[in-house]
Amino acid sequence: MEQLYTKPMITIVTTLHQKSEAVRIGKGLLKKRLIACYNLWPIESAYWWKGELLDEPETMMLLKTQAKHFDEIVAYIKKESGYEIPDIYSLKPDQTIPSYDSWVTDETSR
């Protein structure tokens, strides 16, 4: 079994209006080599927006990348998402397996 360790990999979480938008953004980030991969799933979101309580379907997206790409990814999502205030934040794993972390680093270093 591989030994677990801490590395510079992060996961970025964001939400988008529709799956098609998430796929378009994900493929754009992959082509730019800013992410190694992305995952999508449908969710239901409830939130306050401009004094109104909204309940809407959205697509949640996980992006695997290096921390050094965070600002560029945020700028790309903000430009492409259509949200006035997009939900974008990063999570840094406490531990990863070395082979996965190396793969993410390799794929986003080209």
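Derivation of every value follows stated rules applied to the coordinates shown; laboratory data play no part. Worth saying up front: this structure is predicted, and the values here are computed from it rather than measured. Note: ideal-geometry Cβ built from the backbone for every residue, glycine included; neighbour counts use all protein chains shown.
Can you name the residue in the stretch 88-98 that is touching a helix residue (DSSP H, G or I) at 6+ places or on another chain (Cβ under 9 Å) and in a loop (DSSP other than H, G, I, E, B) and, of all such residues, is farthest from residue 68 (Cα to Cα)? Lay out the reasoning, then the answer.
Our first condition is that a residue be touching a helix residue (DSSP H, G or I) at 6+ places or on another chain (Cβ under 9 Å); within the stretch 88-98, this holds for 88, 90, 92-93, 96.
Filter once more, keeping what is in a loop (DSSP other than H, G, I, E, B): 92-93.
On the way: 92: 12, 93: 15 Å.
By that ranking, first place goes to 93.
Of the conditions (1) assigned to a helix (DSSP H, G or I); (2) surrounded by 14 or more Cβ atoms within 10 Å (Cβ to Cβ), residue 38 fails just one. Which one is it?
Among (1) assigned to a helix (DSSP H, G or I); (2) surrounded by 14 or more Cβ atoms within 10 Å (Cβ to Cβ), residue 38 violates only (1).
Return the pair list, or none, for Cβ contacts closer than 9 Å from residues in the stretch 39-50 that are free of Cβ contacts under 8 Å to residues at least 60 places away in the same chain and more than 21 Å from residue 20 (Cα to Cα) to residues that are among the acidic types (Asp, Glu) and assigned to a strand (DSSP E or B), at least 6 apart or on different chains.
47/55; 47/56
When the stretch 51-87 is examined, which residues are found to be farther than 14 Å from residue 10 by Cβ, part of a helix (DSSP H, G or I) and acidic (Asp, Glu)?
If the condition is that a residue be farther than 14 Å from residue 10 by Cβ, part of a helix (DSSP H, G or I) and acidic (Asp, Glu), then 80 is the only one that fits.
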